[in-house]
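Step one of this worksheet: look at the structure below.
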Amino acid sequence: MGFERGALAALIRRPPLLLEALRTWWAMRRVGGVGVAGSYLAWRSMTAYGDISATTSAQDLLHYLQWRRGMRSVRNGEWEA
């Protein structure tokens, strides 16, 4: 699974999502050599695009990060519309 060329540029134009991208990276890093992140990304790519080697669009990445940030707000009782 890879990302579209413009994904990083799109992310840089949205500073609030940069922090969320770092949080996501930290949460998905390989802990103790366990490849959970790779397995999850392969599964996610297969369910979203029907192909584990599909390229994620910049728009899909931004939507995912916005969703993830919103879910954190819900979990913390700080709903953000």
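The values are calculated or read from the model by the stated rules, or taken from the named source; none is laboratory data. This is a predicted model, so every value here is computed, not measured. Positions of Cβ are backbone-derived with ideal geometry, glycine not excepted, and every protein chain shown enters the neighbour counts.
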Cβ pairs under 7 Å, 6+ apart, first in the range 1-28 and more than 12 Å from Arg68 (Cα to Cα), second among the small types (Gly, Ala, Ser) and part of a helix (DSSP H, G or I): Met1/Ala42; Met1/Ser45; Glu4/Ala58; Gly6/Ala58; Ala7/Ala58; Ala10/Ala58; Leu11/Ala21; Met28/Ala37
Close pairs (7 angstrom Cβ cut-off, 6 or more residues apart or separate chains): modelled with pLDDT of 85 or more in the range 36-58, assigned to a loop (DSSP other than H, G, I, E, B) and surrounded by fewer than 12 Cβ atoms within 10 Å (Cβ to Cβ) anywhere: Ser45/Asp51
